[in-house]
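Heads up: the structure comes next, in structure tokens.
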Amino acid sequence: MVLTEGQQSDCKSLRKVTGRTANFSELAQDCVCFANGSGGRLLIGIEDGQSAPPTGQRIDPTLLDHIRKRVGELTVNIQVLLETCRAETGDEYITLTIPRSVGVASTSDGRYFVRVGDTCKPVVGDDILRLADERPATPWESMISLQVTHGNLDKKKQSKFTTAIRASDRVKSSVKEKGDQELLDHYGLALGDVLTNLGVLLLGTMSGMITACHPPRWLMQSGEKCLTFAKVMSSLRVYFVQTLAPQQNPWVKSSSPNQQPQD
């Protein structure tokens, strides 16, 4: 595969994120550029003017967490996905994927940037307001920018969820008649073949939950807090299911006979 720069991709030397030459402030600006546009990816470990990583290059597995942490500290409204990739030559590099942000992305010191061609340009004055007007008012839990597919569903959790829905006296008959996929769409857990962030957290695997919990800045100051968030969401999943099926939970009072079913 040929690795090149363009509107939605940029190459960075591995020296930008390692040793004394590391420049995470510049990396944060690049992430803001892509997030304020249509998204993009940074290929870290590819030198300028080259289309492949240097011969013999290997990526330290701990470097990905360090990059994720630093980007989180230096940006606002940014979520990133990192993975170690291997070129056809067998040499390694990092792909840092930045989805389009829901809100206006900026650096933590209040600077805004956009991607124009293959260049990162600052945004100032009224252009910041225009940038804000372009952003969709989509809640984070409804986002599908992580592109997590149904293959990341925990089948046991999904089965327990759908069984509880159909057993609940708080759910309308018309909802109970829906198929498994339709139930996910109805409750905002999926959109077509892709899970929403809420769907990942409630019904996804642990690895998917950890991936999805990185975006909220108020919960991503460290990997430990991210794991804690995943555990909190796991507890929320239990509460969600037990509330929908109170007759199966001795600690939750069942609804009164006169209570109307809810969606």
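The values are calculated or read from the model by the stated rules, or taken from the named source; none is laboratory data. Since the model is a prediction, treat every value here as computed from it, not as a measurement. Areas reflect the complete protein model, heavy atoms only, side chains present, ligands, DNA and RNA absent. Shrake-Rupley method; radii C 1.70, N 1.55, O 1.52, S 1.80 Å.
List of remarks:
- Listed cross-link partners Lys69/Lys121; Lys156/Lys176; Lys16/Lys69; Lys69/Lys157 are compared with a 21 Å cut-off, the Cα-Cα value being larger for Lys69/Lys121; Lys69/Lys157.
- Rounded to two decimals, the Cα-based Rg/Rh of the stretch 61-133, with Kirkwood Rh, is 1.06.
- Estimated Rh, the stretch 1-81: Kirkwood, alpha-carbon pairs, angstrom: 13.2 Å
- With 0.36 nm allotted per residue and the present C-alpha distance subtracted, the Leu129-Glu26 stretch has 34.7 nm of extension available.
- For the stretch 23-37 and the stretch 47-98, distance of Cα centres in Å: 14 Å
- For the stretch 5-156, the spread of Cα positions along each principal axis, largest first, Å: 47, 47, 26
- Entry comment: accessible area of the stretch 61-160 is 54 Å² per residue, from protein heavy atoms only and a probe of 1.4 Å.
- Surface share of carbon and sulfur [accessible, 1.4 angstrom probe, percent] for the stretch 159-209: 52 percent
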